[in-house]
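Engineer: Here it is, the structure in full.
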Amino acid sequence: MSIKENLHHIKSQLPNHVTLVAVSKTKPVADLMEAYNAGQLVFGENYVQELVEKHEVLPKDIQWHFIGHLQSRKVKLIAPFVSLIHGVDSLKLLEEINKQATKNNRIIDCLLQVYIADEETKFGLNEQEINEIIASKEFKELNNIKIVGLMGMATFIDNKDQIKKEFQNLKTIFDNVSQLKTENCLLKTISMGMSGDYQLAIECGSTMVRIGSSIFGGR
């Protein structure tokens with residue numbers, strides 16, 4: 001199927017409350033334009049330089065999500081235009097995003113990454129660490145960022161029961177942490193689920209899925 005047909009097939013299966021992030025990393029601009037022309041406006045990239053280059057040449061109404069592991073020194077490159085930063089896993093990174101957002105007179109939305117997988121290569125925070133960040137004096141002074149949700153990545157395995165358990169764990173943490181409302185923290189998004197497991201993620205409460213290969217084909 002074409003990119004357009006893939007998109008329409010996936011969107012026909014998504015409830016209205018679920019946002020589709022088209023993961024376009026390593027894909028050529030022509031592929032993104034095909035998806036854009038089919039009505040897709042939200043794209044996810046995980047390399048800063050690639051994201052900057054695509055932003056420069058593609059339509060300006062695209063909402064760019066940074067979905068990779070973001071280094072503090074590179075925040076300034078995407079701060080002028082990024083819509084949402086996934087995978088924030090430290091107060092230090094939040095402080096840098098806030099600093100660069102202030103310079104650009106913007107408030108940048110962020111998702112905190114929760115460690116739910118049984119894999120050492122994955123990263124993220126546990127529930128206690130999230131609570132400590134949100135309760136801290138330093139966090140309350142960050143006026144140019146907003147924590148709008150949590151995200152997590154399940155273990156890369158075929159065991160659906162384990163994946164379901166990890167998704168349910170993230171949903172439980174989301175429900176607990178979403179009680180902590182502050183000026184710069186109002187949780188409404190729970191981002192989990194990719195091409196292989198997004199339907200299971202939605203069953204477990206996901207409101208945002210990140211889908212790449214099912215739209216654009218394999219790398």
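Engineer: Excluding ligands, DNA and RNA, what is the solvent-accessible area per residue of the chain at a probe of 1.4 Å, expressed in Å²?
Structural biologist: Here the per-residue accessible area is 49 Å².
Engineer: Can you tell me which aspartates and glutamates have their Cα less than 18 Å from the Cα of K171? Leave out same-chain residues fewer than eight positions away.
Structural biologist: Filter leaves D89, D118, E127, E129, D161, D197, E203.
Engineer: With all protein chains present, how much of the accessible area of the chain (probe radius 1.4 Å) comes from carbon and sulfur, to the nearest whole percent?
Structural biologist: C and S atoms contribute 48 percent here.
Engineer: As a check on your grasp of the helix formula, calculate [θ] at 222 nm for the chain: sum -39500 (n - 2.57) over DSSP H runs of n ≥ 4, divide by the residue count, round to the nearest 500.
Structural biologist: -11000 deg cm²/dmol
Engineer: Can you give me the C-alpha center-to-center distance between region 152-206 and region 40-70, rounded to a whole angstrom?
Structural biologist: 23 Å
The values are calculated or read from the model by the stated rules, or taken from the named source; none is laboratory data. Everything numeric in this text was worked out from a predicted model, so none of it was measured. Ligands, DNA and RNA are stripped out before the accessible areas are found, and what is left, the full protein with its side chains, is counted by its heavy atoms. Shrake-Rupley method; radii C 1.70, N 1.55, O 1.52, S 1.80 Å.
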